[in-house]
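Heads up, the thing below is written out as structure tokens.
Read-outs throughout are calculated quantities, based only on the coordinates presented, and are distinct from any laboratory measurement. For clarity, every value in this text was computed on a predicted model and none was experimentally measured. Ideal geometry is used to build each Cβ from the backbone, glycine not excepted, and the neighbour counts take in all protein chains shown.
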Amino acid sequence: MRIGPEIARRLFLSGNLLLKLVLLGFVALLLSQLVVATVRAQDSGRAVSGPARGGETVRAVRIWPAQDYTRVTLESKASIAHSLLAVKNPERLVLDLQDVDYQSLAQEIAGKLGNDDPYISALRAGRFKPGVVRLVFDLKGEVKPQIFTLKPVGEYGHRLVLDIYPAKPADPLMALLDKTDAKETPPAEPPREAQGPPLPLRMEPEVHPGAPIAPQEPRAETRAGKSAPAPAEPAKPAVQRLVTVAIDAGHGGEDPGARGRRGTQEKQVTLMIARRLKAVIDAEPGMRGVLTRDGDYFVPLVMRVEKARRVKADLFVSIHADAFIKPHARGSSVFALSERGATSAAARWLAKRENAADLIGGVNLDVKDKHLAQTLLDLSQTATIQDSLKLARSVLGEIGSITTLHKEAVEQAGFAVLKAPDIPSILVETAFISNPEEESKLNDEAYQDKLAHAVLRGIRRHFTRNPSLTRPIVAAAPRVPASVKPILAANP
Ligand SMILES: [Zn+2]
């Protein structure tokens, strides 16, 4: 570029008038080409690194439908200025985005919305006015939206998050009762009422001092009775305290957890194992499993704890399959909470990683329930941790009978998800997804089943070893409303 003008200048000084005019034209042409080239270069540069002429490029749109809520995430390199408007008749949400590239957004939303989304029926984008692109969500009913932004973390850039909650959230206790009713009253069976008095959702020992508290006794009878059904019913009424196990599939939605070399995501295997664990627990008389998530969506750590408390869970089991610093690390381990430090550097490292789930999954800090956080902070966990350790040892022992253990002893660290003050809670690292051999095991259905049965045996053993274990009543755990239909005995 420099040589051109230099040659032109020399020729200009030495040539005649005609030649000078020709040269002037040539120089003008050269300059105009130069200007065009510069503008083009700037444009292409912008398309890669900053807002193009059309605005900020939307890198990705992700939709995570779930009964709890549907989350819509827009990811971009820079943050997006936005405004949200709720419109009635029909119900819609209108999201206006400032200086966003329409094409990239239109491309990203195409085909993303599933028919089964519980809250969104249709999604469309349009150029609303200069500088504003409009996203319209047609809704299936009344909703409560929340919108917030997340700063870049991990592999993610800036995220604009729209969470669409139902206007009337489903009562987890009622949902649980409905499911339990459906499960326990198949049409072929005689009405349960004939078999004994109705059982309250939770039979507290002080209310029914004569009733069996620990479930192992009646279950032993039932198991024996399964192979050869005895015609004689037990003398005691066929009621027993139902043990509720909250099963927590680690990660989900925006938070994939760890990744295996073959691309397996931790959030997928944890859900598969959690569902199997629920199935084997539900098949146990007097026991039921409740999943903290049953789909690919994100549940904040504190919500997982809160969900378990709302259904008055007796135990909390969080399922994981993390990666480890060393790729050849292998084997299962079981963790409990520690209020003071971790039992090893590895345990501390893992707890830190797990607690980062909220950052990656994305929590709306503006509305984070302060009351909830306070409830969890104010209560001493010492007694619960002792019970958690007992449960962890029983489960670790059973898992050790089916696979290699990473460590023979139960470890402790400050896992946020294990902080229910009144529910013995453990975190099971089923295997290391970072180890290729274990990655394939995690994807193996037979192995998932084996694991589920081992955890169940551990839970059973926990109650057999500690028959006096009752759930301490702390804080204002919700009482079952009188209108709630009681759960009937699962004991045949
Ligand atoms: Zn994990």
Candidate set: the range 423-437, residues that are away from the ligand (no atom under 11 Å from the Cβ) and either under 12 Å from THR264 (Cβ atoms) or acidic (Asp, Glu) (or both); chosen: the one surrounded by the most Cβ atoms within 10 Å (Cβ to Cβ):
ALA431
For the range 255-278, enumerate the residues that are surrounded by 24 or more Cβ atoms within 10 Å (Cβ to Cβ) and under 13 Å from the mean Cα position of the chain (by Cα).
GLY257, GLU266, LYS267, VAL269, THR270, ALA274
Find the residue count for the range 66-98, including only residues that are crowded, with 17+ Cβ neighbours inside 10 Å and among the β-branched types (Val, Ile, Thr).
4
Which numbered condition in (1) in contact with a Leu (Cβ under 7 Å, 6 or more places away or on another chain); (2) under 25 Å from LYS419 (Cβ atoms); (3) within 14 Å of the ligand (Cβ to nearest atom) is the only one that THR264 fails?
(2)
Residues of the range 416-454 classified as of a type in the set (Lys, Arg) and in a loop (DSSP other than H, G, I, E, B), total
1
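Results for (1) in a loop (DSSP other than H, G, I, E, B); (2) out of contact with any Asp or Glu (no Cβ under 9 Å at 6 or more places or on another chain); (3) away from the ligand (no atom under 16 Å from the Cβ), shown as yes or no for each residue.
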{"residue": "MET272", "(1), (2), (3)": "no, no, no"}
{"residue": "ARG275", "(1), (2), (3)": "no, no, yes"}
{"residue": "VAL280", "(1), (2), (3)": "no, no, yes"}
{"residue": "GLU284", "(1), (2), (3)": "yes, yes, yes"}
{"residue": "VAL290", "(1), (2), (3)": "no, yes, yes"}
{"residue": "ASP294", "(1), (2), (3)": "yes, yes, yes"}
{"residue": "ARG304", "(1), (2), (3)": "no, no, no"}
{"residue": "ASP322", "(1), (2), (3)": "yes, no, no"}
Working only within the range 353-368, note down all residues that are farther than 16 Å from PRO256 by Cα and either without any contact (Cβ under 8 Å) to a residue 60 or more places away in the chain or not in a helix (DSSP H, G or I) (or both).
ASN364, LYS368
